[in-house]
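Notes for the one structure printed next.
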Amino acid sequence: MRLKVLVVDDEPLARDGLKLLLSRQSGVESVSEARNGREAIAIIRERPPDLVLLDVQMPRMNGFAVVQAIGPERMPAVIFVTAHDQYAIRAFEFAALDYLLKPVTEERFALAFRRALSRIRLQPPGETARQVGTMLDAVARPPRRLARFAVRSGERTIFVPVDDIDHIEAFQNYVRLHLGETTHLLHVPMNTIEAVLDPDRFLRIHRSHIVNVQRVAELWSIAHGQYVIELTSGQRLQSGRTYGERIRRALSNPF
């Protein structure tokens, strides 16, 4: 099976880079391009491609608006291309849609293309529409982010602003909030805490650790994709092996 692919990006160099990566894939029949959201909508409606490589951050009409205009039922298979947008990335992951982070590497592109080819071949009818609809719902209704924790201490309740927290540590059936030399215990699972924190401000680096990114002072790369992270408090934490990609994404420069 060979695919007709549409590349959508407002930057000529970005389009050229994606077309170059596509030229190295044997499963490509043809490549067309659109310079903006309006052009993309016209092409998809008139000459529907099999696969769309869709930039998220475009002026006037972004990638989400393109999908909304086409509608989930008529939208071809899509791979989103995005810069460091944690909110968009969470929506893609929630809907199990593939995405590429700029700058796009050849290895990651080849993996995403193979996945798209497999989905187009094997995915049941209507599954793409369901995934795209789920993504649009997630974008339209962003989750509420917690501004402070309410911590019980005897008969008192102490309110702890999330911005004051250095890091959060899993502790048996609790989590421990670290604020300098002060700690507080909450009887809440780690996954529940992670879900209500702003992903642009808090980063899970290990199954037992979430850090406030504003408190990260230094970062050391060690073996097997792991890192040692030093906080402004001087405390050092080691990341888990499966968290390397999200750490690089969150703590590197957005260009």
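The values are calculated or read from the model by the stated rules, or taken from the named source; none is laboratory data. For clarity, every value in this text was computed on a predicted model and none was experimentally measured. Positions of Cβ are backbone-derived with ideal geometry, glycine not excepted, and every protein chain shown enters the neighbour counts. Surface areas here come from the heavy atoms of the whole protein model, side chains and all, with no ligands, DNA or RNA. Shrake-Rupley method; radii C 1.70, N 1.55, O 1.52, S 1.80 Å.
Would you please give the FRET efficiency between residue 179 and residue 57, computed as 1/(1 + (r/R0)^6) with r the Cβ-Cβ distance and R0 = 30 Å, to the nearest 0.05? Walk me through the numbers before you get to the answer.
Working: r = 35 Å, r/R0 = 1.16.
With R0 = 30 Å, the Cβ-Cβ based efficiency is 0.30.
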Of all accessible surface on the stretch 1-143 at a 1.4 Å probe, what whole percent is carbon and sulfur? 52 percent
Antiparallel DSSP bridges in the chain: what percent, to the nearest 5? 65 percent
At q = 0.13, 0.15, 0.21, 0.25 Å⁻¹, base-10 log of I(q)/I(0) for the stretch 148-230 (Debye sum, equal scatterers on each alpha carbon): -0.42, -0.55, -1.02, -1.35
Once 246, 121, 115 are ranked on solvent-accessible area with the largest value leading and a 1.4 Å probe, the list reads 121, 115, 246
So residue 141 and residue 121, fully extended at 0.36 nm per residue minus their Cα-Cα distance, gain in nm 4.1 nm
Relative contact order (percent) for the chain, with alpha-carbon contacts under 8 angstrom and 6 or more residues of separation? 11 percent
With the chain treated as a Gaussian network of Cα nodes joined by springs under 10 Å, which of 210, 41, 193 yields the largest mean-square fluctuation? 193
